1. Go through the range 6-11 residue by residue and turn each phi into a ³J(HN,Hα) via Karplus (6.51, -1.76, 1.60, θ = phi - 60°); whole Hz please, and just put x for glycine and proline.
2. Nearest 0.05, what FRET efficiency do SER63 and LYS8 give at R0 = 35 Å with Cβ-Cβ as r?
3. Rank the residues SER63, SER35 as a footprinting-exposure proxy: fewest other Cβ atoms within 10 Å of their Cβ go first.
4. Fewest first, what order do VAL79, VAL10 take by the number of other Cβ atoms within 10 Å?
5. Hey, what angle do you get for helix 76-89 against the long axis of the chain, alpha-carbon based, 0 to 90 degrees rounded to 10?
6. What FRET efficiency would be calculated for the residue pair LYS84, ASN34, taking the C-beta separation as r and a Förster radius of 22 Å, to the nearest 0.05?
7. Give me a comma-separated list of calculated 3J(HN,Hα) values for the range 55-70, in order, Karplus coefficients 6.51, -1.76, 1.60 applied at θ = phi - 60°, integers in Hz, x for any Gly or Pro.
8. Treating the beta-carbon of each Lys and Arg as +1 and of each Asp and Glu as -1, no other charges, what is the dipole magnitude of the range 3-89 about its Cα centre, to the nearest 20 debye?
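Just so it is clear, none of the values below were taken in a lab; they were calculated from the coordinates. Keep in mind it's a predicted model, so treat the numbers as computed, not measured. Cβ placement follows ideal geometry from the backbone for every residue including glycine, while neighbour counts extend to all protein chains displayed.
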Amino acid sequence: MKTDTKKKKVKKLVTDMIKYSNKEMLKKIDKAINSGAINFDDWEEDNTPMILPRSIFLAILMSQHNQYEGRGTAYEKKVKKEAKNIQYFI
């Protein structure tokens with residue numbers, strides 16, 4: 001298989017994962033807000049309006065990260081190594 005063909009296939013697979021993750025992450029917003037883990041009384045819209053939304057967003061991203069990191073599999077180390085290497089270039 002040619003490199004261009006492989007690149008196209010990998011791009012499609014990554015695109016599909018992002019689309020799926022986006023749908024799953026949107027579902028988790030209400031779950032996070034209704035979880036009881038958030039103290040909305042401490043949220044100050046005028047002083048620190050983005051702390052709570054960023055915290056929710058980060059928690060959702062971390063949840064998705066855990067899904068894809070391959071923890072507990074024989075590929076975990078390779079996935080982390082490749083991801084770290086790619087991260088330096090993006």
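1. Residue by residue, the range 6-11 yields 5, 4, 5, 5, 5, 4 Hz.
2. On the way: r = 29 Å, r/R0 = 0.84.
Working from the Cβ atoms, E equals 0.75.
3. Details: SER63 15, SER35 11.
Ascending Cβ contact count within 10 Å gives the list SER35, SER63.
4. On the way: VAL79 14, VAL10 10.
Neighbour counts put them in this order, fewest first: VAL10, VAL79.
5. In the chain, helix 76-89 runs at an angle near 80 degrees to the longest axis.
6. On the way: r = 35 Å, r/R0 = 1.57.
E between LYS84 and ASN34, to the nearest 0.05, is 0.05.
7. 5, 5, 4, 5, 4, 5, 4, 5, 4, 5, 4, 4, 5, 9, 6, x
8. On the way: 18 positive and 12 negative charges, 237 e Å.
Taking the Cα centre of the range 3-89 as origin, the dipole is about 1140 debye.
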